[in-house]
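See structure below.
The values are calculated or read from the model by the stated rules, or taken from the named source; none is laboratory data. Because the structure is predicted, anything quoted here is derived from the model rather than measured. Cβ placement follows ideal geometry from the backbone for every residue including glycine, while neighbour counts extend to all protein chains displayed. Surface areas here come from the heavy atoms of the whole protein model, side chains and all, with no ligands, DNA or RNA. Shrake-Rupley method; radii C 1.70, N 1.55, O 1.52, S 1.80 Å.
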Amino acid sequence: MIDLHCHILPGLDDGPASLQQSLAMAEIAEADGITKIVATPHIRSEVPSPDQIATACRNLNGALRKKGLQLEILPGAETYAMAAPALLTDRTINSTRYILIEFPLTHLPVGAGQFIFNLRVHGFKPIIAHPERIPNIIARPQLLKNLLDEQVYVQLTVGSLTGSFGPDPEKCARYLLQNGLVHFLASDGHGVDYRQPLLAKGLKIATKLIGNREAQRLVFANPQAVLAGHDIYG
C-alpha cells in the first residue's frame with residue numbers, strides 16, 4: 001500500500017521529534033503492509049523549505065536501509081489552504097503537479113472555490129486532505145462536492161473511518177466513500193503511540209462499504225498514479 005499523507009520526518013513539524021521515533025513509525029507502517037510513504041510536513045509560510053524536506057527524506061531512507069527496512073519515503077508537503085499558488089511550486093508530491101492542501105479544521109472558507117480554481121489555473125492537481133473533519137462539510141457534504149472536478153481530489157483519513165475523531169467525522173467519511181467522493185485513503189500518521197501510520201484497518205472498512213476493487217484503488221492504483229504524475233481514471 002502507498003500512504004500519501006504522513007508526518008514521518010523527524011523534527012520538522014508536529015510529527016516525530018527524533019530519528020528514532022521516525023524509524024519506529026516506519027516499522028509500524030511496514031508491518032501494516034505499507035511500501036511507500038509520502039512525507040507531508042505542515043508548511044507554515046516558507047518553513048520547512050523544499051531542500052530541508054528533500055534532505056530529511058534522503059537521510060531517513062538511508063537510516064531505513066541500515067535498519068533493514070524496505071519502506072521508501074518520498075517528498076511532499078501538507079500546505080495550508082489559501083496560500084498563493086506561486087509559492088507552492090516546490091511543495092508538490094514527488095515533484096509532480098499533485099499537491100496536498102489542508103483547509104482549516106474549523107471551517108471551509110468562503111473563498112475555497114476560488115482558491116481551488118487558482119490552483120487549477122496554475123496547473124496544479126489539488127488533493128483536499130481530510131475534509132470529513134471540517135464541521136460545515138460534515139453538515140453539508142455538498143460543499144465538498146462543489147469543489148471537485150476531474151482533477152481535484154479527496155483524501156480520507158483512516159482515523160475518521162475507524163471513529164478515532166468521533167462519530168460525526170466517521171459518519172461523514174462513510175457518506176463520502178459511499179457517494180464516490182473519495183480518491184485516496186491515507187494515515188495522516190503523526191507518531192508511534194497516537195495516530196500511527198496504518199492503512200490496513202481503514203482499507204478493510206472501505207472494502208465493506210464500497211467493495212474490494214474500489215477500495216483497493218484508494219491505497220494502490222490511485223496513489224501510484226500520483227507518484228508517477230499520471231492522470232487518475234474512474
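A 1.4 Å probe over all protein chains sorts Phe103, Phe165, Phe220 by accessible area into Phe220, Phe165, Phe103, starting with the largest. The relative contact order of the chain, computed from alpha carbon pairs under 8 Å that lie at least 6 residues apart in sequence, is 21 percent. Estimated at the nearest 10 Å², the accessible area of Thr106 is 100 Å² with a 1.4 Å probe. Both numbers refer to the Cα atoms of the range 1-57; Rg and Dmax are 11.3, 35 Å.
So what's the net charge close to Lys36: Lys and Arg +1, Asp and Glu -1, counting the other residues with Cβ under 9 Å from its Cβ? Charge balance in the 9 Å sphere: -2. Projected over all directions and averaged, the alpha-carbon convex hull of the range 1-111 occupies 7.3 nm².
Its alpha carbons considered, the range 69-202 gives a radius of gyration followed by a Dmax of 14.6, 44 Å.
In the range 151-234, one over the average inverse separation of all distinct C-alpha pairs is 13.0 Å, which is the Kirkwood hydrodynamic radius. 3J(HN,Hα) couplings calculated from phi for the range 96-107 with the Karplus curve 6.51 cos²θ - 1.76 cosθ + 1.60 (θ = phi - 60°) are, in sequence order, 9, 9, 7, 9, 8, 10, 10, 7, x, 6, 7, 5 Hz; Gly and Pro show x.
The GluC sites (Glu not before Pro) of the range 25-64 meeting both criteria, a DSSP state outside H, G, I, E and B (loop) and at most 15 other C-beta atoms within 10 angstrom of the site's C-beta, are Glu46. Met1 sits among other residues whose Cβ lies under 14 Å from its own Cβ, and their net charge, with Lys and Arg +1 and Asp and Glu -1, is 0.
The DSSP beta bridges internal to the chain are antiparallel in roughly 5% of cases.
FRET efficiency for Asn179 and Thr35, Cβ-Cβ distance as r, R0 = 30 Å, nearest 0.05? The computed FRET efficiency comes out at 0.55. Couplings 3J(HN,Hα) of the range 23-30, computed from phi: 5, 5, 4, 4, 4, 4, 5, 5 Hz, in residue order, whole Hz [Karplus 6.51 cos²θ - 1.76 cosθ + 1.60, θ = phi - 60°; x for Gly and Pro]. Here the contact order of the range 133-175, divided by its residue count and restricted to Cα pairs under 8 Å and six or more residues apart, works out to 42 percent.
Surface composition of the range 81-223: carbon plus sulfur atoms hold 53% of the accessible area, using a 1.4 angstrom probe and ignoring ligands, DNA and RNA.
Find the lysine pairs in the chain meeting two conditions, Cα atoms under 21 Å apart and a separation of 8 or more places or different chains, and report how many there are. Lysine pair count for the chain: 10.
So, counting K/R as plus one and D/E as minus one, what does the shell of residues with Cβ under 15 Å around Ala84 add up to? Once all neighbours under 15 Å are counted, the net charge is +1. The GluC sites (Glu not before Pro) of the range 108-198 that DSSP puts in a loop, and whose beta carbon has at most 16 other beta carbons within 10 Å, are Glu150. Accessible area per residue for the chain, computed on protein heavy atoms with a 1.4 Å probe, is 43 Å².
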